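Reading through the structure tokens given below for one structure.
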Amino acid sequence: MQVQMVGATDIGHCRKSNQDSLFYDQIQGIGIVADGVGGRPGGDVASYMAVNGIRNAFINCEKIRHEEIHPFLVNTIDSINKEVIEKGRDGYTGMGTTLNCLVFLGDKLHIAHIGDSRTYLYYQRHLWQLTSDHNLKTFLARGWLLPPHVPSNLKETRLLRAVGFDERCEVDIYEKIIKDGDIYITATDGFFDMVDDKQITQIIDQNSHRYEKLPALLIEEANKRGGRDNITVLLSKVVRT
């Protein structure tokens, strides 16, 4: 299997700067999307540190076996988390970032996820959300928090996990067998808050013959619908070699 990656990032209509970070290398089969936590100083610094930290970890490591990829991702993100916290003490108090890292290895996709950036799977005109948002809404829905213990003024979108939030960085690791025709969409909340699942599916359906243009088309749609935040979209298409 081979992976074809295309991605783009945009400031949107309402922000003064872009605090999203994006990196992908389809030869290595690595894609990384991060979103600096809004309302906190240094979000752009935190997202860059996360993306660049994982990128450098892969560049500097020897060949990784399947059984090593999960501990490698967890340990790498844990180290980055400590660096972000330390940097936060240097004038960026409380800074943090979401993180989605995709690693295609053999016939499998490995996803390291923390925060509320998302990865979806599009296949044969259907869309599935693979990752779970680490926000108050999800924690309440799953019973991880009970309403009596939550202040009434907290928004459901309030992030509860992100790189840089806590000394102990809890990362979700997903593993999936890939198949020919899979398209994985990894995006920040500035995209999926503006464009719903049905609209995402329609845009991909109608423009599958223009795969390289899809990130720009998806971002354009998010901007048409308000563009209230930075917007980053990465597409990873699996094709049989």
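There is no residue in segment 28-42 that is over 18 Å from T98 (Cα atoms) and charged (D, E, K, R).
In contact (Cβ under 8 Å) with a residue 60 or more places away in the chain, surrounded by fewer than 21 Cβ atoms within 10 Å (Cβ to Cβ), part of a helix (DSSP H, G or I) and β-branched (V, I, T) - does that describe any residue in segment 4-18? No, segment 4-18 has no match at all. Residues that are outside any loop (DSSP other than H, G, I, E, B) and open to solvent by less than 20 Å² (accessible area, probe 1.4 Å) were ranked within segment 22-42; the one that is farthest from R225 (Cα to Cα) is I30.
Residue-by-condition table, conditions (1) open to solvent by less than 30 Å² (accessible area, probe 1.4 Å); (2) within 19 Å of the chain's Cα centre (by Cα):
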residue	(1), (2)
T201	yes, yes
Q206	no, no
H209	no, no
L217	no, yes
G227	yes, yes
V233	yes, yes
V238	yes, yes
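Which one is nearest to Q206 (Cα to Cα), of the residues in segment 102-138 that are assigned to a loop (DSSP other than H, G, I, E, B) and either open to solvent by less than 20 Å² (accessible area, probe 1.4 Å) or in contact with a helix residue (DSSP H, G or I) (Cβ under 6 Å, 6 or more places away or on another chain) (or both)?
Step one: of segment 102-138, the residues assigned to a loop (DSSP other than H, G, I, E, B) are 106-107, 115-117, 124-125, 130-134.
The next check asks that each one be either open to solvent by less than 20 Å² (accessible area, probe 1.4 Å) or in contact with a helix residue (DSSP H, G or I) (Cβ under 6 Å, 6 or more places away or on another chain) (or both); those that pass are 115-117, 125, 131-134.
Working: G115: 30, D116: 27, S117: 25, R125: 10, T131: 25, S132: 27, D133: 28, H134: 32 Å.
Among those residues, the one meeting the criterion is R125.
Against the numbered list (1) touching a Lys or Arg at 6+ places or on another chain (Cβ under 7 Å); (2) β-branched (V, I, T); (3) not in a helix (DSSP H, G or I), V45 comes up short only at (3). From the set of residues in segment 174-191 that are open to solvent by 20 Å² or more (accessible area, probe 1.4 Å) and of a type outside the set (D, E), which is nearest to L127 (Cα to Cα)? My answer is G181. In segment 52-71, the residues that are modelled with pLDDT under 95 form Cβ pairs under 8 Å with partners that are assigned to a loop (DSSP other than H, G, I, E, B) and open to solvent by less than 80 Å² (accessible area, probe 1.4 Å), at six or more places apart or across chains, as follows: H66/G106. Kindly establish whether D166 is of a type in the set (D, E) and modelled with pLDDT of 95 or more. Spelling it out, it is not the case that D166 is of a type in the set (D, E) and modelled with pLDDT of 95 or more.
Conditions tested, residue by residue: (1) aromatic (F, W, Y); (2) over 27 Å from N52 (Cβ atoms).
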residue: C101; (1), (2): no, no
residue: L105; (1), (2): no, no
residue: I111; (1), (2): no, no
residue: Y123; (1), (2): yes, yes
residue: H126; (1), (2): no, yes
residue: N135; (1), (2): no, no
residue: R161; (1), (2): no, no
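Of all residues being among the hydrophobic types (A, V, I, L, M, F, W, C) and in contact with a Gly (Cβ under 8 Å, 6 or more places away or on another chain) in segment 130-172, which is nearest to G94 (Cα to Cα)? Just the residue, please. For segment 130-172, the residue satisfying everything is F165.
The values are calculated or read from the model by the stated rules, or taken from the named source; none is laboratory data. Keep in mind that what you see is a predicted model, and the values were worked out from it rather than measured. Positions of Cβ are generated from backbone atoms using ideal geometry, with glycine treated the same way; all protein chains shown enter the neighbour counts. These accessible areas exclude ligands, DNA and RNA; they are computed on the full protein's heavy atoms, side chains included. Shrake-Rupley method; radii C 1.70, N 1.55, O 1.52, S 1.80 Å.
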